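Here is the structure we will look at, set down as structure tokens.
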Amino acid sequence: MPVTGRLAEAVADHRAGPRPLRELPAVPGVEVTERWVPGPPGSPEVRVRVYRPAGARSALPAVVWIHGGGFVLGNVDSVHHSAARAASFASAVVVAVAYRLAPEDPFPAGLDDCWAALEWTAGNAKEMGADPARLAVAGASSGGCLAAGLTLLARDRGGPGLVFQHLSTPVLDDRLETGSMTAYVDTPVWNRRLAQESWELYLGAGVGDAPVHASPARAGDLSGLPPAYISTAGLDPLRDEGLLYGLRLAQAGVPVELHNFPGAYHAFGGPADTPDPDEQHRIAREHLTALRRGLHPAGAGNTGGPDGAGTI
């Protein structure tokens, strides 16, 4: 949903909870179930949706899938199709998380919910037909920030072990000081004004410097993190923080694949007459292929293609 005014107004006008699973369209070839899993201590349970290729008989890698929305918008419904496509294309169990949103629940609530979902996935992998030794995280936009935060938490807490992180046009740095963040003050989809408000709502009042698990670009040490795929968009104010984070991962010895798509807006969206369907399909296919390659580094897995031209 494009935001033309303030994020706080969009929250008031357009916030909606997830619909019942039975009301969402079935996805051919993918089994979808919904679970409530233990939340962080003293917090509510966390809703997750589990996507698995129908008929898969072997243990598959598992991906915790985190939706975007500037930390304040979106819900697990918004990634229903992308999570199902990822499960099918990448031969994986995808666990999409309905985490708590700011401003009602500022940091660390959303990250804590995603951590609870990751721990549940690791502990219940075999029940889902997943391989606990092949766990990954994936997120777009603010979901990419939460996914990157999970990799830091998993390293700092000694597990669960992660084999891959997939970050699409990620939010990574609350300081808003990069060249692209300074330049793109009124771009479609996302811009500096929205980014600043998003961080204010997410972090809450009086935080000061954001913790590194909230703002991964602040982490001084990126060593020991899982291999990464990072995509950025050339006309996105978040472009440079994604590029710089990828460079720092590589300098820290982390295998990283980094792709900037010139001429694209944040999340590969834009005005209705802007996105080129062929380019959208190319971007979607690359994202899916990168995910499959990261989960099946020896080349195993489904060799089919995405069922549409959407983005991840």
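Of note:
- Largest to smallest in accessible area, the residues 101, 235 fall in the order 235, 101 (1.4 Å probe, all protein chains included).
- Solvent-accessible area of residue 19 with every protein chain in place, 1.4 Å probe, in Å² to the nearest 10: 110
- Charge context of residue 286, other residues only, Cβ under 12 angstrom, K/R +1, D/E -1: +2
- Candidates 102, 133, 205, ranked by Gaussian network fluctuation over the chain, Cα under 10 Å, top entry: 205
- Per residue, the chain exposes 40 Å² of solvent-accessible protein surface, assessed with a 1.4 angstrom probe and all protein chains in place.
- Helical contribution to [θ] at 222 nm, DSSP H n ≥ 4, -39,500 (n - 2.57), averaged over the chain, rounded to 500: -9500 deg cm²/dmol
- Summed residue charge, Cβ within 15 Å of residue 62's Cβ, Lys/Arg positive, Asp/Glu negative: +2
- The loop-placed trypsin sites (Lys or Arg not before Pro) in segment 51-111, going by DSSP, that have at most 14 neighbouring Cβ atoms within 10 Å of their Cβ come out as 57.
- Summarised as an ellipsoid, segment 210-282 has semi-axes of 27, 14, 9 Å, derived from the eigenvalues of the Cα gyration tensor scaled by 5 and square-rooted, with the largest first.
- To put it simply, the accessible area of segment 22-112 at a 1.4 Å probe is 53 percent carbon and sulfur.
- Going through [x] 20.2; [y] 19.2; [z] 21.6, the figure that equals Kirkwood radius over Cα pairs in Å as computed for the structure here is [y].
- Solvent exposure ordering (accessible area, 1.4 Å, most first) of 30, 212: 212, 30
- Summed residue charge, Cβ within 9 Å of residue 100's Cβ, Lys/Arg positive, Asp/Glu negative: -4
The values are calculated or read from the model by the stated rules, or taken from the named source; none is laboratory data. On a predicted model such as this, the values are computed, not experimentally measured, just so you know. Glycine also receives a Cβ, built like all others from the backbone with ideal geometry; neighbour counts cover every protein chain displayed. These accessible areas exclude ligands, DNA and RNA; they are computed on the full protein's heavy atoms, side chains included. Shrake-Rupley method; radii C 1.70, N 1.55, O 1.52, S 1.80 Å.
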